[in-house]
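Read the structure below first, then the notes.
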Amino acid sequence: MNNKRYLKYYLLSLAGLAAACAYPIYMGIKVILLVISSGAVPYKEYPKYIIPYTPIAVSLIAGVILMPLIQRLFRRLDVLAGSAIALAVFFVTEHLMETKILVMAERAVVLGSWQMSLCYVPPDMYESRPWKAVDVLLGGYSPFFKIHFYLISVVIIIALLNSFYGFAKMIKTGDYKRKKALAVQAVTSVIFLGMCIWACFTAFYRTGELIVKPVSAVLMGIFFALLGVTAGMFTGSLTIGKKRFLATVLPAVTSVLVTVLMYIGEMVLLNGHLYRLGSGLFFRGLSKMVLAPIDIIIILAAGAITALTCLLINKKSKD
């Protein structure tokens with residue numbers, strides 16, 4: 001009976017994922033065909049943020065397709081093994097797209113460099129974009145400019161695969177101990193992915209100035225904290241039922257570290273600066289630190305939310 005439920009879950013998961021990934025896969029195919037026919041993609045025909053979302057889609061589909069085999073071979077380490085394979089697929093696909101696809105603007109540039117430029121010049125504003133404080137971004141392309149892209153991609157991949165694999169294992173074994181943690185993981189993953197897509201098309205309404213509008217500040221703060229919580233819940237879902245340090249503190253530490261890494265990625269992108277979420281002492285970097293008090297609060301909030309969530313989940317699991 002469980003085998004039939006598992007097969008049904010597997011096929012439905014694969015079908016749902018294929019439907020959700022249809023657009024980024026379509027974008028990738030469209031760009032590849034343009035490169036084959038014309039040698040380069042005209043920037044006005046470039047689909048926004050084909051990287052990292054096409055490689056993310058390819059890696060997730062690969063991870064879910066291989067799920068039955070990986071769960072049979074690796075058993076307790078299935079999530080880690082599946083994530084490792086999916087991440088390998090992601091980085092190979094990402095590298096090939098970044099280096100082999102050319103975008104034609106004033107001259108042909110590789111896709112990786114062009115994608116970096118979109119952090120400060122969206123495609124539809126390429127010719128008319130006013131250059132203000134955002135000029136701190138100017139400089140040659142380096143993979144280090146994309147720390148935050150890679151970090152976001154890794155968190156999305158491992159969090160979603162954790163949900164797919166976790167629910168599949170529950171169906172297969174009948175052990176529902178991780179159900180609540182995986183439900184939280186699935187919810188945070190989907191909401192975070194939704195915010196990523198929202199940011200791709202709006203950049204959260206930033207204007208190019210380093211001091212952002214209130215609506216941008218609120219959305220950016222939520223985005224950073226949610227990234228940390230999503231990463232922390234990955235750890236938390238694997239430590240259910242363990243001692244308090246492993247079950248609560250470790251996920252919180254994971255959340256804090258990932259949020260800090262996101263800030264580091266933004267700082268590298270902005271050449272040592274950060275977007276400021278307002279003006280005044282509360283939003284200004286502390287002494288020689290780049291982080292402002294509000295940034296530290298966001299980092300600690302991510303850890304606190306993760307710790308509280310894991311504490312509640314573990315308490316209910318023991319009741």
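Just the Kirkwood number for segment 22-107, please: inverse of mean 1/r across all distinct Cα pairs, in Å, one decimal. Write down the numbers at each step before the final one.
Numbers: mean 1/r = 0.0712 Å⁻¹.
Over segment 22-107, the inverse of the mean reciprocal pair distance is 14.0 Å.
Contour minus end-to-end for A20 and V187, with contour as 0.36 nm per residue of separation and end-to-end as the Cα-Cα distance? Walk me through the numbers before you get to the answer.
On the way: separation 167, 0.36 × 167 = 60.12 nm, distance 1.56 nm.
Stretched out fully, the A20 to V187 stretch lengthens by 58.6 nm.
Please give the per residue volume of the convex hull enclosing the alpha carbon atoms of segment 176-319, rounded to a whole number of Å³.
Details: hull volume 15.2 nm³, N = 144.
Output value, Cα hull per residue: 105 Å³.
Please list, ordered by chain and number, the residues whose modelled amide H lies under 5 Å from the amide H of G278; skip anything fewer than 5 residues away on the same chain.
So G278 has HN proximity to V212.
Amide H of V41 versus every other amide H placed in the peptide plane: which residues, excluding those fewer than 5 positions away on the same chain, fall under 5 Å?
L102, V103, M104
Looking only at segment 149-181, which residues have a backbone nitrogen under 19 Å from a spot 7 Å from the Cα of N3 in the C-beta direction?
Within reach of a label on N3, which here means backbone N under 19 Å from a point 7 Å along Cα→Cβ, segment 149-181 contributes 168-175.
Label points 7 Å out from Cα along the Cβ direction at M289 and D175: separation in nm?
The answer from the label model is 4.1 nm.
Ordered by packing density, taken as the mean number of other Cβ atoms within 10 Å over each peptide's residues, highest first, how do 36-44, 79-87 rank?
On the way: 36-44: 13.3, 79-87: 20.0.
By packing density, highest mean first, the sequence is 79-87, 36-44.
Taking N as the number of residues in segment 1-68, what is its Cα Rg relative to 2.2 N^0.38 Å? Don't skip to the end; give the middle numbers.
Numbers: Rg = 15.8 Å, N = 68, 2.2 N^0.38 = 10.9 Å.
Expressed relative to 2.2 N^0.38 Å, the Cα Rg reads 1.44.
We did not get these values from a lab; they are worked out from the coordinates using the rules stated. None of the values given here were measured: they were computed from a predicted structure. Neighbour counts run over all protein chains shown; Cβ positions are idealised from the backbone, glycine included.
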